[in-house]
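One structure below.
The values are calculated or read from the model by the stated rules, or taken from the named source; none is laboratory data. From a predicted model like this one, the values you see are computed outputs, not experimental measurements. Cβ sites come from the backbone with ideal geometry, for glycine too, and all protein chains shown count toward neighbours. Just so you know, the surface numbers come from the protein's heavy atoms only, side chains and all, with ligands and any DNA or RNA stripped out. Shrake-Rupley method; radii C 1.70, N 1.55, O 1.52, S 1.80 Å.
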Amino acid sequence: MVLVALVGFTLWGSLQTSKATARQSQAQTFDALFSDARAAVALEAAQIRSYQLEPSNAARTRYLKSVNATAAVLQKAAVSGFPPAAADATRLGQEQAAFRDSADRLINQVANQDPASRQFDRLEVQPLYYTLQRDIDDVANGYHSDAQRITSELQHIQSRILITMVAGFAIGLGLVAIIWRVVLGYQRRLVVEADASEHLALHDPLTGLPNRALFQRRLEAALRGRQDTQPAVMIVDLNEFKSVNDTLGHHAGDELLTAISRRLQVLLRAGDTVSRLGGDEFAVLLPAVAGVAAATGIARQVGDALRQDFRLTAGPAAVSGSIGLAIADESSTAETLLRRADAAMYRAKADGSTVAVYDPQLDAERPERMALFGELRALLDGGDPDDQLVLYYQPQVCLSTASVTAVEALVRWRHPRLGLLLPGAFLAISESGRLEIPLTYHLLRLAVRDAAAWQEHNPVTVAVNVSPKCLLDEEFAHQVRSALAESGLRPSLLRLEVTESSMMTDPDKALAMLRQVQGDGVQVSIDDFGTGFSSLHQLRQLNADELKVDQTLTRRVATDPGNAVLVRSAIDLAHNLGLFVTAEGVEDLRTLAVLRDYGCDQAQGFGIARPVPVDNLETACAVAEERARMIAEPSRALTPDAVA
């Protein structure tokens, strides 16, 4: 009888354990669902802010994608079959629809540059967002509390079963021992499965790091528990991660993310949290820092650690990080702190620096620059499918034959919102944001493609400006060879223009890169000669084909005796080194005639022909040749109309 009662009690305990485990699993499932909804709404708000900073189709697409993600999560909870969760999801869905309606109106106002958009955002959109976030938090925390309570019930049931088994040990030692082992094993398996489910809901499956939901919980706890110190948040965005994926494969990219997570965990202090927010973006929580200097020091250590090469199965990989840092103040919430760190990260990426500390003035005054940088980066990442980046060509005329023998490729940006942008509007942004290398390679392919089209009927050389950093890039020679092979252009019709300053950082490596392409038959030109500290040793070592005299010297060669001496000396020096000379910035025929008398080989400038699109190049070349022929006819060259 005792054994029957013991068995019956044990079975009852197992049944209660199963029911409690099912309820716990259900509570954890809805906890995870509504936590995902909270993260999705936060991402939706972040995409709205991103659109305010850089209103573009890509930003609007990301916003709509985040809206659909939020709706999908709430719909999943609504059709779960559990009435309380369905009611919560329906109510939150209605709030989310109201928030989306206001957000859509805000985006339309921003797109239309409506000055009332800021007030509308503050008075309607933000209150709806914070109400929605608070209500989702309440629902998620409710299910989280239910899961914890059920866990306590499980522990209580286990304790009662264990006591009962010990009491019946003397009566049915053998039978009780078998039942105990079976039931306890089953219960432990259920508890382990419940713990595993909770871990999966709060951690990144690839790296094992806390995900956005767990990171936000820990950040909120740090903000609640602050005393003499303040929490700080870092947003870390990887640079060159896409290149690793493209060259070594996505498996190598996953391996790299895992290696980065391990390196960051080893580097940071006990109590700090490293989280993967998604893609190639990480977040770091410093729960207590003494001040900005201490937090910045840790951020720089993170940046230094990322710059060290990673040894992957597929080969070595090199990346770096752009880090945005935000320190909490008395009014900071988790959302505002993350948003500030994200804004500082974008400034670091745009400036080409490793670490940027959130500054309300700097991050509020640079929206147009940040937007332009984001659009240029998206353009290069996507391969410029709409051909927004175009080349204009300026003829270079041979002074001895009055014929066009070369053209220089000069970039323009047909911006859909700002119109035609000259290089000065975006080249500095590309250099500070580390986009100058992919921009150079993209323009190189455009130039050789155009030159290949005209090489049979009009084989003139195309000159392409090369960014200094390209000369330090291991892929430089391969990119040049690949562009020539794809286009079919003869290497002798390509001339790469490099500045004196580009040789200064690492002369040996730069010379080695240029010699590789020279060995293929590509010409090399020294551009802007006379603007820097010219090194005769480097000129001799480089063995270039052309020397271009900078326009600051040529513009006054006909009126300034000092400039005339410098230009004549530069021409004589180049000829003695076996280089032909091109003068830049020629604005009138009098200057052109003086340059011809000094023995200059080629010239270019507005006085000869302006840069034109490729479709107008043939006409521009004819104009340039006509103006060059004028200097052979003094009666024409000295008339006011001709000189102008």
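Roughly how many Å² of His478 are accessible to a 1.4 Å probe, to the nearest 10?
110
Give me the one-decimal nm value for the distance between modelled label points at Leu422 and Ser400, 7 Å along each residue's Cα-to-Cβ direction.
Computed distance between label sites Leu422 and Ser400 equals 3.4 nm.
Using only Cα atoms, figure out Rg for the chain and give it as a multiple of 2.2 N^0.38 Å.
1.32
Using label points projected 7 Å from each Cα along Cα→Cβ, tell me how many nm separate Arg262 and Asp246, to one decimal.
Simple spin-label model gives 2.8 nm for this pair.
Could you work out the relative contact order of segment 413-518, using alpha carbon pairs under 8 angstrom and six or more residues apart, expressed as a whole percent?
Relative contact order for segment 413-518 comes out at 27 percent.
Report, by chain and number, residues whose modeled amide H sits under 5 Å from the one on Val404, excluding near sequence neighbours (fewer than 5 apart, same chain).
Correct list: Cys398.
With every protein chain kept in the model, how would you rank Leu202, Leu209 by accessible area, 1.4 Å probe, largest at the top?
Leu202, Leu209
What's the FRET efficiency of Ala86 with Asp329 using the Cβ-Cβ distance as r and R₀ = 41 Å, to the nearest 0.05?
Step by step, r from the Cβ atoms, then E = 0.50.
In whole Hz and in residue order, list the ³J(HN,Hα) couplings for segment 71-86 that follow from phi through the Karplus curve 6.51 cos²θ - 1.76 cosθ + 1.60, θ = phi - 60°; x for Gly and Pro.
So the Karplus estimates, Gly and Pro as x, are 4, 5, 5, 5, 5, 4, 6, 5, 9, 6, x, 9, x, x, 5, 5 Hz.
So how much accessible area does Lys242 have, in Å² to the nearest 10, using a 1.4 Å probe?
100
Please work out, to two decimal places, the log10 of the ratio I(q)/I(0) at q = 0.14, 0.17 Å⁻¹ from a Debye calculation in which every Cα of segment 50-89 carries one identical scatterer.
-0.44, -0.54
Where does helix 617-630 land angle-wise versus the long Cα axis of the chain, in degrees 0 to 90, nearest 10?
It works out to around 30 degrees.
Two decimals is fine: what is log10 I(q)/I(0) at q = 0.14, 0.15, 0.26 Å⁻¹ for segment 85-174, from a Debye sum with one equal scatterer on every Cα and no solvent?
One equal scatterer on each Cα of segment 85-174 leads to -0.68, -0.73, -1.16.
Taking the alpha-carbon centroid of each part, what is the distance from segment 36-59 to segment 456-522 in angstrom?
41
Could you work out how far apart the two model spin labels at Ala318 and Arg481 are, taking each label as a point 7 Å from the Cα in the direction of the beta carbon, and quote it in nm?
1.9
Using 0.36 nm times the number of residues separating Leu173 and Asn576, minus their current alpha carbon distance, what extension gain do you get?
134.4 nm
What accessible area, in Å² to the nearest ten, does a 1.4 Å probe give for Leu592?
Here the residue's solvent-accessible area equals roughly 0 Å².
Given Lys349/Lys509; Lys349/Lys548; Lys469/Lys548, which pairs have Cα atoms separated by over 32 Å?
Beyond 32 Å between Cα atoms: Lys349/Lys548.
Quick check: residue separation of Asn57 and Glu618 times 0.36 nm, minus the Cα distance between them. What number comes out in nm?
Answer, rounded to one decimal: 198.3 nm.
Length gain on complete extension for the stretch Ala293 to Asp101, per 0.36 nm per residue less the alpha carbon to alpha carbon distance?
Stretched out fully, the Ala293 to Asp101 stretch lengthens by 64.9 nm.
Taking R0 as 45 Å, what FRET efficiency do you get between Asp381 and Glu153 from their Cβ-Cβ distance, rounded to the nearest 0.05?
0.30
May I ask you to derive the FRET efficiency for Val79 and Arg414 from their Cβ-Cβ distance with R0 = 56 Å, giving the value to the nearest 0.05?
0.75
Can you run phi through the Karplus equation (6.51, -1.76, 1.60; θ = phi - 60°) for segment 246-256 and list ³J(HN,Hα) in whole Hz, with x for Gly and Pro?
6, 8, 9, x, 5, 5, 5, x, 5, 5, 5
Provide Asp615, Asp146 ordered by accessible surface of protein heavy atoms (probe 1.4 Å), highest first.
The ordering from most to least exposed comes out as Asp615, Asp146.
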